[in-house]
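Please read the structure below before turning to the comments.
The values are calculated or read from the model by the stated rules, or taken from the named source; none is laboratory data. What you see is a predicted model; the values in this text were computed from it and never measured. Please note: Cβ atoms are built from the backbone with ideal geometry, for glycine as well, and neighbour counts cover all protein chains shown. Please note that ligands, DNA and RNA were not included when accessible areas were found on the heavy atoms of the full protein model with its side chains. Shrake-Rupley method; radii C 1.70, N 1.55, O 1.52, S 1.80 Å.
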Amino acid sequence: MKHVCFLFFSIVMVFTDAHSGTTLAEDDPLMISLYYVPRTPYFYQTKDNVKGLCADVVNYAFTKSGISYIWYNVPAKRQMTYIKKNIRRLGMVGWYKNAEREKFAKYSDYIYKDKTRIAVAHAHNEKLTNGKTVGDVISNPNIEVLIKTGYSYGKFLDAQLAKYNPKTISTMSESVNMIRMIHARRADLLFMSQEEASAIIKESGLPAKDFQFVTFSDMPQGYKRYIMFSKKVEDKIINKINKYIIEYREKESNQ
C-alpha cells in the first residue's frame, strides 16, 4: 500500500487506510504511531494533516513536546488488536477510559470532553419522547438500538446496555453510514454526543429536519476522551505530552 508522507520539523504524518508494516519514518526509535478513525468532528483529513476536536490538541501537544509521530487511519478493532499485542510504541486517539482497557494501556490526560449524549432518531419515529430514563427506552422490546461493533459508549451507557440487553443491530460501519441507517428506519436510535450528531448529519447530506435528538433524564454529562498508549510508551514521554495537552485546554478555555 502506498504511503504519502509530509515532513514538518520533527513530525511525520502518514495517511493510509490501514497499518501496513514498517516505513522509513518508523525507523526513528522515538517515533509514536497515532491511530485514528475518521470521524467528524473529532477527526478529518485535510490535504496535509489530520484535524478535528481531538486531533488538534494532539497535534499541538506532540509538536510542542518535540516528539515525532505518524498518523494512521486504522479500523477500531484493529487498533485494539495492536495495542494489546504491545509490540510497538503507539497511541489510540480519542478513546474513552475504562477499567478493562487500563489493564493493557496507559492513558494521557484527557484531550476532549464530549457534550451530553443524546439519541438520534428519525423525526417521525413516534416510539421516542424526551425526558425518559435510558432504561425506560432501551428496555422497550419494540425499540432497536444501533450499536457500533467494538465501541465503548462510556461507563454509564455500557452499563445500561449490559443491564437491559436491548434489541440491537450491530454494525462496523462508520458514523455517516449509521446516520443513514437511522434515516432509512433500519433501527430506532443511535447514541451520540450532540456535537457529533450535528456534524455527521450535515456531512451525510441528509435534511436535518428528518432527524430528532432525544434527551434523557438520567444521562450524565459528556465523557472525556484520551490517548490510549501502548505499554511500550514511557511514562516520561506521556508526562511531557500531558503538559501540552493541559496547556492547549487552558488556551482554548480562555478564548
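Just to be sure before I move on: is Ala184 in contact with a strand residue (DSSP E or B) (Cβ under 9 Å, 6 or more places away or on another chain) and not basic (Lys, Arg) in the structure I sent? Judged against the criteria, Ala184 is a match. Of all residue pairs spaced 6 or more apart or on separate chains, those with beta-carbon atoms under 8 Å, a first member in region 192-205 that is farther than 11 Å from Val176 by Cα and a second member that is buried (at least 16 other Cβ atoms within 10 Å of the Cβ) and among the basic types (Lys, Arg) are Met192/Arg117; Ser193/Arg117; Gln194/Arg117.
Collect the residues in region 121-144 that are open to solvent by less than 20 Å² (accessible area, probe 1.4 Å) and either small (Gly, Ala, Ser) or in a loop (DSSP other than H, G, I, E, B) (or both), keeping them in residue-number order. Within region 121-144, Ala121, Asn125, Leu128, Gly135, Ile143 qualify. Of all residues in region 43-64, those satisfying the criterion of being among the hydroxyl-bearing types (Ser, Thr, Tyr) and modelled with pLDDT of 95 or more are Tyr60, Thr63. Could you go through region 100-113 and let me know if any residue there is assigned to a loop (DSSP other than H, G, I, E, B), under 16 Å from Lys155 (Cβ atoms) and of a type in the set (Val, Ile, Thr). No: zero hits. The residues in region 138-167 that are out of contact with any helix residue (DSSP H, G or I) (no Cβ under 8 Å at 6 or more places or on another chain) and more than 16 Å from Pro220 (Cα to Cα) can be counted, and the count is 7. Among residues of region 117-174 being in contact (Cβ under 8 Å) with a residue 60 or more places away in the chain and of a type in the set (Ser, Thr, Tyr), the one that is farthest from Tyr226 (Cα to Cα) is Thr129.
Each residue in region 148-182 was checked for being open to solvent by less than 50 Å² (accessible area, probe 1.4 Å), under 20 Å from Thr40 (Cβ atoms), of a type outside the set (A, V, I, L, M) and modelled with pLDDT of 95 or more, and 1 pass. Taking first residues from region 72-88 that are without any contact (Cβ under 8 Å) to a residue 24 or more places away in the chain and open to solvent by 50 Å² or more (accessible area, probe 1.4 Å) and partners that are in a loop (DSSP other than H, G, I, E, B) and not acidic (Asp, Glu), the Cβ contacts under 7 Å between residues at least 6 apart in sequence or on separate chains come to Lys84/Phe104.
Looking at (1) outside any loop (DSSP other than H, G, I, E, B); (2) closer than 15 Å to Ser33 by Cα; (3) touching a strand residue (DSSP E or B) at 6+ places or on another chain (Cβ under 9 Å), which is the one condition that is false for Ile87? Going through the list (1) outside any loop (DSSP other than H, G, I, E, B); (2) closer than 15 Å to Ser33 by Cα; (3) touching a strand residue (DSSP E or B) at 6+ places or on another chain (Cβ under 9 Å), Ile87 breaks only (1). In this structure, Ser217 does satisfy being modelled with pLDDT of 95 or more and of a type in the set (Ser, Thr, Tyr). Inside region 41-71, residues that are without any contact (Cβ under 8 Å) to a residue 60 or more places away in the chain, touching a Phe, Trp or Tyr at 6+ places or on another chain (Cβ under 7 Å) and not in a loop (DSSP other than H, G, I, E, B) make up a count of 7.
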